[in-house]
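Read through the structure below, which is laid out as structure tokens, and then see the notes.
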Amino acid sequence: MRFGLSEEQRLLQSTLTRLLEEHAPLDAVRNAAQSGDVAPAALRDALTEVGLPGLLVPHNHGGLGLSMLDAALIAEALGQAVAPAPFVAPWVMAPVAIRLGASPEQAHDWLPAIADGTMRIACGVSEHVGSRSGGISHSPSSGLSGEALFVLDPVGSTDYLISDRDGGLHRVAADAPNVDTTLLTTVDRTRSYALVTFDDVAAETLPNANADVIRETIHAGRIAIAADTLGAAQAMLDKSVAYALEREQFGRVIGSFQAVKHLCAEMAAALEPCRAMVWHAAHTYDTVPEEGPLLSCHVKAHLGEVGKMVARTATEVHGGMGFTDLLGLHYWFKRIGVNRQTLGTPERAREDAARLQGWVA
Amino acid sequence: MDLSYGPEYEAFRRQIRAFIDEHGHKQPREYARTPEAAQWQRLLTSNGIVARTVPKAYGGHGAAPDILESRIIAEELAQAKVLPMVNTQGVGMLVPTLLEFGTEAQKQRWIEPTLNGEIIWCQGYSEPGAGSDLASLRTHAHVDGDEFVINGQKIWTSSAHFADMMFCLVRTEPDAPKKHDGISYLLIPMDTPGIEVRPLKQMTLQSGFNEVFFTDVRIPTDQIVAGRGQGWRVANTTLGYERAGLGNAALSLARLQSLTELMQLETLDGETLMCNPVYRDRVLAIQGRVLAMRANELRILSDDLNHDDDTNLARLIIKLQGTELRHDLEGLAVDVLGELGTLYENSPLLRDHGDFQRHYMFYLGLIIGGGTSQIQKNIIGERGLGLPREPKVGQGSSS
């Protein structure tokens, strides 16, 4: 029995953390947020060089063939750095959906292009988390029509993977005719989201996709987002402890006051089990098909709750400084906030967990 | 990551299951001095369900320490809702303490009858003026010939009203420079003249604990464990055994199952409680917290086996998170039951023997006992996160 990380996984984690320290320091995050270029080429090239695009692409298609646990560790490091790097859609959800739903020919063409970083696919499946627009209609004759809301990671993408209301999945080039992309402005300026409209757009349909494949893709995305929150929340806790050890009032560091110490302890007490929970959910996703979906819903919901608590508490520990742009703590606060709502709020994910256990019709 | 225990352990699991199937119904509903309780304890100790690794020479089962075997026993008991209802203070705390610190004569004399249920122990630590700040305790003893003479008072002493013996922290070295170094760990027969026990009724209406008064209580000087002034070190080891027992995710999972079963059976306006979206969301949120604690436990278990992770913080948070979670879980059951959640003892209409109501209050007691949640937060902040201790009064600058 071994629950912990392997040597290779620890190495992966530390390699990535170092890479992000170099290529995504706070200044780079600030530049990305202010310019809107949340897929800066320099960072993408550095991540591509270590093979991250092919993380979940099988070996025989030129990828690294790694596990969801490895993906979670990478997501955690990206969250820790609030890195402006499209990840969840192009390098987690898209390869999962293609592996499950594409034809062998499509997989043969697309997966190597994902792995070498030339095909970067934004994902629009929010209608299957909760329908707002009525979704996208698809017919073989006239193609895709309708609105895709909250398409994940559109900036820097070459293609879209779009679900239709009947459980179909389709690939469309981002610059295809009659595809109109409007970037959404969220509080989180480190990643991008779009409203994409389609008007009789010809698309390549994934022949084996169905509602189950879309759900599986969403579960993978949920685990990655939960891991991103874990990393971001851990960073906020670490910054709080460092600040509490440095900032003095009444002639002593504020971390020696129980009022402040207990805030830090409450964050740690809630967050530390989340680390094991993320590892467990990611591992289970790959290895225990009957339990994986349940844990993916729960880890998304639970990290949403704990993340929100940590984001608020850590900001409070920093006092007035926590509220300033100068310190930049708000990038973490906002990233955690958007993670909480994306691919299902805690309430929504818990309702999915209830459904999986037969507790609701 | 590999979460399987391996085939030899699955055989062990079947063996434990078979034991529970055959004997599980014999468990007493609560711990007391009764022939049934003593018999149950003998059954568990002689089959190696509890005190599994106590050497045969002292009447134990003599198994080699095995982390996964212990884990499987805990999981299976919790799953079957069979509680290892025994004299925890004796079997779970005093026996391991004697094995680590006791003399050969002490081991020979106390361990076997403790395992057999012939001797019931209570723990004399807390005092009216020494709760969270336990090391400032004032119950004291001086040596008179070959006897300690003890005076003072203990409080929150579980089972003292029917215990035979107490392991007790007593100040024997009043002149020690540090208060922690002035304490000794003494073994005191409860029928010694000068001991008075007054039961304290708890909010659960059960009399689980007591006040114990000592007036010139005389015990032989050889009834000390590990020498004079060593009591704090000994007690910290014992407290470690106690806190490790408080966070048990398998038990929380079993309680959660009882709650979700209840919510699928109990109806209101012709619909089950689970159909109420507010109740359903609340129970799912609790389930998420239980699953997080289960994963945390797996991580610690793996570190115990493989020594390849840093689980200091993961361990420090268990008492705080585990007791708060159980209190919330039992409290949710009381909430969803509505008026039925107010019923108690032998009331008509009572559901699940009133377990939820009793545990809801009992776990508030555990949030306080064994180091309050506030003390736990100090420990997490200081030993887990490296934050400084609060300066002592008189040392810090005035504000």
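The values are calculated or read from the model by the stated rules, or taken from the named source; none is laboratory data. A quick note: this is a predicted structure, and the numbers were derived from the prediction, not measured. Reconstructed Cβ throughout: ideal geometry from the backbone, glycine too, with neighbour counts over all protein chains shown.
Is it the case, given these coordinates, that B:R289 is basic (K, R) and farther than 27 Å from A:P346 by Cα?
Working: basic (K, R): yes; farther than 27 Å from A:P346 by Cα: no.
Spelling it out, it is not the case that B:R289 is basic (K, R) and farther than 27 Å from A:P346 by Cα.
So which strands (runs of 3 or more DSSP E) are wholly in region A:165-220 and hold at least 1 residues that are buried (at least 22 other Cβ atoms within 10 Å of the Cβ) and either of a type outside the set (V, I, T) or at negative phi (or both)? Let's see the steps before the verdict.
Values: elements: A:169-173, A:179-184, A:193-201.
Ranges flagged: A:169-173, A:193-201.
Step by step: first the residues of region B:313-323, then only those that are farther than 30 Å from A:R355 by Cβ and assigned to a helix (DSSP H, G or I), then the one that is farthest from the other protein chains (Cβ to nearest Cβ). Which residue is that?
Within region B:313-323, the subset farther than 30 Å from A:R355 by Cβ is B:313-320, B:323.
If we keep only those that are assigned to a helix (DSSP H, G or I) as well, we get B:313-316, B:318-320, B:323.
Working: B:L313: 5, B:A314: 5, B:R315: 9, B:L316: 8, B:I318: 9, B:K319: 10, B:L320: 5, B:T323: 11 Å.
The qualifying residue farthest from the other protein chains (Cβ to nearest Cβ) is B:T323.
Which members of region A:305-351 meet the condition of being within 14 Å of another protein chain (Cβ to nearest Cβ), more than 19 Å from A:I223 (Cβ to Cβ) and small (G, A, S)?
Across region A:305-351, the qualifying residue is only A:A314.
Across region A:120-142, what is the number of residues that are under 16 Å from A:G221 (Cβ atoms) and assigned to a loop (DSSP other than H, G, I, E, B)?
Pass one, region A:120-142, residues under 16 Å from A:G221 (Cβ atoms): A:120-130.
The next check asks that each one be assigned to a loop (DSSP other than H, G, I, E, B); those that pass are A:120, A:125, A:129-130.
Here the count works out to 4.
Residue-wise test of (1) without any contact (Cβ under 8 Å) to a residue 12 or more places away in the chain; (2) within 30 Å of A:L11 (Cβ to Cβ); (3) not in a helix (DSSP H, G or I).
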| residue | (1), (2), (3) |
| --- | --- |
| B:D310 | yes, yes, yes |
| B:L325 | no, no, no |
| B:E330 | no, no, no |
| B:L350 | yes, no, yes |
| B:F356 | no, no, no |
| B:K377 | no, no, no |
| B:G381 | yes, no, no |
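Give the residues of region A:151-164 that are part of a strand (DSSP E or B) and either touching a residue at least 40 places away in the same chain (Cβ under 8 Å) or not assigned by TED's automatic domain parsing to the domain that holds A:P140 (or both), sorted by residue number. Break it down stepwise before answering.
Residues of region A:151-164 part of a strand (DSSP E or B): A:151-152, A:159-163.
Residues satisfying the conditions are A:V151, A:L152, A:D159, A:L161, A:I162, A:S163.
Which ones in region A:29-42 are loosely packed, with under 14 Cβ neighbours inside 10 Å and among the β-branched types (V, I, T)? Before you say what the answer is, go through the steps one by one.
Within region A:29-42, the subset loosely packed, with under 14 Cβ neighbours inside 10 Å is A:31, A:34-36, A:41-42.
Residues satisfying the conditions do not exist here.
Any residue in region A:259-273 that is out of contact with any Pro (no Cβ under 8 Å at 6 or more places or on another chain) and more than 23 Å from A:I336 (Cα to Cα)?
yes
Is it true that A:D228 is modelled with pLDDT of 95 or more, buried (at least 17 other Cβ atoms within 10 Å of the Cβ), outside the structural domain of A:F87 (by TED's automatic domain parsing) and over 19 Å from A:H298 (Cα atoms)?
Judged against the criteria, A:D228 is not a match.
Got a sec? Which of A:V57, A:V96, A:V92, A:V38 is in a loop (DSSP other than H, G, I, E, B), more than 21 Å from A:T186 (Cα to Cα) and not assigned by TED's automatic domain parsing to the domain that holds A:V187?
Values: A:V96 fails: in a loop (DSSP other than H, G, I, E, B); A:V92 fails: in a loop (DSSP other than H, G, I, E, B); A:V38 fails: more than 21 Å from A:T186 (Cα to Cα).
It is A:V57.
If you check B:L262, B:L268, B:L200, which single one turns out to be touching a Cys at 6+ places or on another chain (Cβ under 9 Å) and closer than 28 Å to B:Y360 by Cβ? Write out each step before concluding.
Working: B:L262 fails: touching a Cys at 6+ places or on another chain (Cβ under 9 Å); B:L200 fails: touching a Cys at 6+ places or on another chain (Cβ under 9 Å).
B:L268 is the lone residue from the list that is touching a Cys at 6+ places or on another chain (Cβ under 9 Å) and closer than 28 Å to B:Y360 by Cβ.
What number of residues within region A:36-57 are touching a helix residue (DSSP H, G or I) at 6+ places or on another chain (Cβ under 7 Å) and not β-branched (V, I, T)?
Let us first name the residues in region A:36-57 that are touching a helix residue (DSSP H, G or I) at 6+ places or on another chain (Cβ under 7 Å), namely A:38, A:40, A:42-43, A:46, A:50, A:52-57.
When the remaining residues are screened for being not β-branched (V, I, T), the result is A:40, A:42-43, A:46, A:52-56.
Going through region A:36-57 one residue at a time, the tally reaches 9.
A:A354: within 11 Å of another protein chain (Cβ to nearest Cβ), out of contact with any strand residue (DSSP E or B) (no Cβ under 7 Å at 6 or more places or on another chain) and not acidic (D, E), yes or no? Break it down stepwise before answering.
On the way: within 11 Å of another protein chain (Cβ to nearest Cβ): yes; out of contact with any strand residue (DSSP E or B) (no Cβ under 7 Å at 6 or more places or on another chain): yes; not acidic (D, E): yes.
Yes.
So is B:L253 at pLDDT below 95 and more than 9 Å from every other protein chain (Cβ to nearest Cβ) or not? Before the answer, list the steps.
Working: at pLDDT below 95: yes; more than 9 Å from every other protein chain (Cβ to nearest Cβ): yes.
Against the criterion (at pLDDT below 95 and more than 9 Å from every other protein chain (Cβ to nearest Cβ)), B:L253 qualifies.
Could you check how many residues of region A:1-13 are touching a helix residue (DSSP H, G or I) at 6+ places or on another chain (Cβ under 7 Å) and at the interface with another protein chain (Cβ under 8 Å from one of its Cβ atoms)? Steps first, answer last, please.
Taking region A:1-13 as the starting set, the residues that turn out to be touching a helix residue (DSSP H, G or I) at 6+ places or on another chain (Cβ under 7 Å) are A:1-4, A:9, A:12-13.
Within this subset, residues satisfying the condition of being at the interface with another protein chain (Cβ under 8 Å from one of its Cβ atoms) are A:1-4.
Final tally of qualifying residues: 4.
B:S132 is checked against (1) in contact (Cβ under 8 Å) with a residue 60 or more places away in the chain; (2) surrounded by 16 or more Cβ atoms within 10 Å (Cβ to Cβ) and fails just one. What number does that condition carry?
Unmet for B:S132, out of (1) in contact (Cβ under 8 Å) with a residue 60 or more places away in the chain; (2) surrounded by 16 or more Cβ atoms within 10 Å (Cβ to Cβ): (2).
Residues of region B:52-70 being over 25 Å from B:S4 (Cα atoms) and surrounded by 13 or more Cβ atoms within 10 Å (Cβ to Cβ), which ones?
Our first condition is that a residue be over 25 Å from B:S4 (Cα atoms); within region B:52-70, this holds for B:54-62.
Once the filter is applied, which keeps residues that are over 25 Å from B:S4 (Cα atoms) and surrounded by 13 or more Cβ atoms within 10 Å (Cβ to Cβ), region B:52-70 yields B:V54, B:P55, B:Y58, B:G59, B:G60, B:H61, B:G62.
Does at least one position in region A:257-271 carry a residue that is out of contact with any Cys (no Cβ under 7 Å at 6 or more places or on another chain), of a type in the set (S, T, N, Q) and facing chain B (nearest Cβ under 9 Å)? Spell out how you get there, then give the answer.
Within region A:257-271, the subset out of contact with any Cys (no Cβ under 7 Å at 6 or more places or on another chain) is A:257-271.
Next cut, of a type in the set (S, T, N, Q) only: A:258.
After this cut, where a residue has to be facing chain B (nearest Cβ under 9 Å) as well, the list is A:258.
Looking for residues that are out of contact with any Cys (no Cβ under 7 Å at 6 or more places or on another chain), of a type in the set (S, T, N, Q) and facing chain B (nearest Cβ under 9 Å), one finds at least one in region A:257-271, hence yes.
Considering A:H219, A:H280, which residue is under 30 Å from A:L169 (Cα atoms) and either at the interface with another protein chain (Cβ under 8 Å from one of its Cβ atoms) or among the polar types (S, T, N, Q) (or both)? Talk me through it step by step, then tell me what you get.
Working: A:H219 fails: either at the interface with another protein chain (Cβ under 8 Å from one of its Cβ atoms) or among the polar types (S, T, N, Q) (or both).
Selected residue: A:H280, the only one of A:H219, A:H280 that is under 30 Å from A:L169 (Cα atoms) and either at the interface with another protein chain (Cβ under 8 Å from one of its Cβ atoms) or among the polar types (S, T, N, Q) (or both).
Scan region B:41-51 for residues that are buried (at least 20 other Cβ atoms within 10 Å of the Cβ) and among the polar types (S, T, N, Q) and jot them down.
If the condition is that a residue be buried (at least 20 other Cβ atoms within 10 Å of the Cβ) and among the polar types (S, T, N, Q), then B:Q41, B:T45 are the ones that fit.
Table: residues versus (1) closer than 21 Å to B:R280 by Cβ; (2) at pLDDT 95 or above; (3) surrounded by fewer than 24 Cβ atoms within 10 Å (Cβ to Cβ); (4) in the same structural domain as A:L237 (by TED's automatic domain parsing).
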site	(1), (2), (3), (4)
A:L294	yes, yes, yes, yes
A:H298	yes, yes, no, yes
A:G307	no, yes, no, yes
A:E347	yes, yes, yes, yes
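Among the residues of region B:261-312, write down those that are among the hydrophobic types (A, V, I, L, M, F, W, C), facing chain A (nearest Cβ under 9 Å) and closer than 19 Å to A:L356 by Cβ. First the steps, then the outcome.
Looking only at region B:261-312, we keep the residues that are among the hydrophobic types (A, V, I, L, M, F, W, C), and these are B:262-263, B:265, B:268, B:273-275, B:278, B:283-286, B:290-293, B:295, B:298, B:300-301, B:305.
In the following step, the residues that additionally are facing chain A (nearest Cβ under 9 Å) were identified as B:263, B:274-275, B:283-285, B:291-293, B:295, B:298, B:300-301, B:305.
Those that are among the hydrophobic types (A, V, I, L, M, F, W, C), facing chain A (nearest Cβ under 9 Å) and closer than 19 Å to A:L356 by Cβ: B:M263, B:M274, B:C275, B:V283, B:L284, B:A285, B:L291, B:A292, B:A295.
Quick one: which of A:L26, A:L78, A:L16, A:L47 is surrounded by 14 or more Cβ atoms within 10 Å (Cβ to Cβ), under 20 Å from A:D188 (Cα atoms) and away from every other protein chain (no Cβ under 14 Å)?
Details: A:L26 fails: surrounded by 14 or more Cβ atoms within 10 Å (Cβ to Cβ); A:L16 fails: under 20 Å from A:D188 (Cα atoms); A:L47 fails: under 20 Å from A:D188 (Cα atoms).
It is A:L78.
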